[in-house]
Amino acid sequence: MAEKPEYIPGLAGVPAARSSICLIDGSVGKLQYRGYPIEALAEHCTYEETVFLLHHGKLPSAAELEAFSASLAAERTLKFRIIDLLKNLPESGHPMDALTAAVAGLGMFYPGDHVEDLDFRGLTAVRLVAKLPTIVAAWHRIRRGDEPIAPRSDLGHAENFLYMLEGEEPDALTAKVMDVALTLHAEHSMNASTFTARVTGSTLSDPYAAVASAIGSLAGPLHGGANERVLTMLRTIEDPTTENIRRWAENRLARKEKIMGFGHRVYKAKDPRANVLQKLATQLFEERGRSPIYDVAVELETQMDQLVGHKGIYPNVDFYSGIVYEKMGIPVDLFTPVFAIARVGGWLAHLLEQLEGNRIFRPSQEYIGERDLELKPISER
Ligand code: SDX
């Protein structure tokens with residue numbers, strides 16, 4: 001009889017799928033999308049090219065990229081009822097909850113009972129990648145009493161998102177930094193939110209429901225929600241001298257409190273995306289002046305390396321992303337939604353792959369509860 005698989009907490013290291021989308025070698029901090037190193041993609045490709053690569057398995061030709069970008073731009077607008085839905089949500093609510101609600105609502109306009117239809121899948125993938133930025137930008141304006149700004153089809157994906165936030169076209173550097181950040185966050189193999197998307201999609205539930213469930217998973221502070229917490233955490237370090245930063249880190253570690261932006265289930269070296277984000281930060285500083293918080297972050301990285309580097313705890317993608325976003329004028333509580341509008345590309349790549357050779361996820365468990373008890377009627381309990 002086959003050996004019964006043992007229970008592994010958090011399925012750490014347990015393969016949940018066979019995939020050709022993303023390779024991570026955590027021991028050396030290697031990340032590749034469809035075989036291309038993340039550093040090369042960040043330097044040479046736009047987010048649109050990256051999503052095409054993730055969804056189609058190859059980089060687009062110029063003509064293919066033009067057609068794909070046009071298909072995305074054509075799908076950026078939202079039904080007015082989705083805008084109305086956003087206008088009826090509590091403005092004090094978190095943007096990730098607004099995003100979940102709107103994406104779930106989107107599915108009602110496009111009944112998902114065609115998920116086994118390849119054309120429907122492809123169009124839905126384009127629609128979701130195209131519409132998430134519009135939802136995030138619309139929510140940001142609605143919650144402060146402003147009308148949403150309609151998307152423009154003549155701007156790139158990242159550029160248009162920034163335009164919809166404040167109604168101004170971003171300068172070239174800001175648009176480029178946003179585009180690279182979206183590429184860096186687009187995909188990361190079997191992370192919690194991607195696994196969530198695959199599980200929901202494996203029941204043949206529609207892609208809108210799969211993405212809505214993935215957004216809920218990403219929102220957690222141990223996952224995508226960490227980027228929003230890093231800046232707040234860094235600012236709690238009073239008088240951030242080297243000694244005080246060291247002492248702060250030692251105290252948090254001694255109390256077994258997680259330090260946001262550090263550690264990773266797979267990387268036991270520095271997250272390669274953190275390196276690219278640091279370069280983006282310094283590019284922004286050259287034009288706009290240095291953020292003092294960056295120096296605190298770099299010093300904390302140095303201290304953490306001495307304290308827990310031996311345990312494989314290094315900065316992850318979330319540690320420097322917030323410093324970049326804040327320098328670009330993005331509000332802190334939109335940091336995780338920005339992660340979502342990037343990662344939707346990866347979620348859909350995995351959903352499309354899951355549906356090719358689908359089998360519904362249904363893992364087992366190790367039962368450790370009571371068994372075969374005699375039930376006493378309430379009069380006797
Ligand atoms: C993302 O999976 C992905 O790919 C995710 C992601 C993606 O692109 O999709 O890369 C994006 O989610 C990055 C991670 C963002 N989260 C954070 O920054 C939150 C802080 N990080 C930790 O919560 C933690 O590192 C996790 C959740 C990221 C990983 O947790 P694991 O693999 O379950 O590790 P663990 O909690 O079992 O910790 C192992 C040891 C423990 O110490 P001991 O009990 O063995 O003594 O390392 C310690 C932990 O206390 N540890 C930390 C720590 N991370 C691990 N201690 C302090 N601060 C931390 N951040």
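Read-outs: derived from the displayed coordinates by stated rules, not from any lab. As the structure is a computational prediction, the values presented were derived from the model and not from experiment. A quick note on method: Cβ atoms are made from the backbone with ideal geometry, for glycine too, and the neighbour counts reach across all protein chains shown.
Within 10 Å of each residue's Cβ, count the other Cβ atoms and sort His264, His94 from fewest upward.
Result, fewest neighbours first: His94, His264.
How many nm separate the modelled label positions at Ser61 and His114, each set 7 Å beyond the Cα in the direction of the Cβ?
So the two model labels end up 2.7 nm from each other.
Residue by residue through region 90-96, which ³J(HN,Hα) values in whole Hz follow from phi under the Karplus form 6.51 cos²θ - 1.76 cosθ + 1.60 (θ = phi - 60°), with glycine and proline marked x?
In residue order, the calculated couplings are x, 5, 7, x, 6, x, 5 Hz.
Select from region 251-343 those GluC sites (Glu not before Pro) which occupy a DSSP coil region and have at most 11 other Cβ atoms within 10 Å, ordered by residue number.
Glu257
Would you give the gap between the C-alpha center of region 284-334 and the C-alpha center of region 42-68, rounded to a whole Å?
If you average the Cα positions of each part, the centres end up 29 Å apart.
Given an 8 Å cut-off on Cα distances and at least 6 residues of separation, report the relative contact order of the chain as a percent.
Normalised by residue count, the contact order of the chain is 23 percent.
Of Ala150, Ile83, Thr236, which is farthest towards the positive pole of the chain's charge dipole, taken about the Cα centre with +1 and -1 on the beta-carbons of Lys, Arg and Asp, Glu respectively?
Looking along the dipole axis, the top candidate is Thr236.
Sort the following peptides by mean Cβ neighbour count (other Cβ atoms within 10 Å, averaged over residues), highest first: 288-297, 342-351.
Packing order, densest peptide first, comes out as 342-351, 288-297.
Give me the lysines in straight-line cross-link reach of Lys279: C-alpha distance below 22 Å, same-chain residues under 8 apart excluded.
Within the straight-line limit of under 22 Å, Lys279 reaches these lysines: Lys30, Lys176, Lys268, Lys270, Lys327.
Mind checking which of Pro272, Gly26, His56 is farthest towards the positive end of the chain's charge dipole, using Cβ charges of +1 (Lys, Arg) and -1 (Asp, Glu) about the Cα centre?
The one lying farthest along the dipole's positive direction is Gly26.
Relative to the Cα centre, what is the charge dipole magnitude of region 44-162, using +1 at the beta carbon of each Lys and Arg, -1 at the beta carbon of each Asp and Glu, and rounding to the nearest 20 debye? Walk me through the numbers on the way to the answer.
On the way: 12 positive and 16 negative charges, 79 e Å.
Rounded to the nearest 20 debye, it is 380 debye.
Show which aspartates and glutamates lie in cross-link reach of Lys4 when reach means a straight Cα distance below 13 angstrom and same-chain residues fewer than eight apart are skipped.
Leaving aside aspartates and glutamates fewer than 8 places away in the same chain, those within reach of Lys4 are Glu366.
Let me know the charge dipole size of the chain about its Cα centre in debye, to the nearest 20, where only the beta-carbon of Lys, Arg (+1) and Asp, Glu (-1) is charged.
The calculated dipole for the chain is roughly 760 debye.
Which value in nm describes the separation of the simple spin-label points at Glu366 and Ser19, placed 7 Å from the Cα toward the beta carbon?
2.6 nm
Normalising by the residue count of region 226-327, find the relative contact order in percent from Cα pairs under 8 Å and 6+ residues apart.
45 percent
For the chain, compute Rg over Rh where Rg is the Cα radius of gyration and Rh is the Kirkwood radius from the inverse mean 1/r over Cα pairs. Write down the numbers at each step before the final one.
Details: Rg = 21.9 Å, Rh = 22.0 Å.
Taking Rg over the Kirkwood Rh, I get 1.00.
Among Asn358, Asn227, Asn316, determine the one that fluctuates most according to a GNM of the chain built with springs between C-alpha atoms less than 10 Å apart.
Top of the fluctuation ranking is Asn358.
Calculate the length of the line joining the C-alpha centroid of region 342-362 to that of region 102-159, in whole Å.
Answer, in whole Å: 19.
Rounded, prolate or oblate: which fits region 113-225, taking a ≥ b ≥ c as square roots of the Cα gyration tensor eigenvalues, rounded meaning a/c under 1.5, else prolate when a/b beats b/c?
Cα axes put region 113-225 in the prolate bin.
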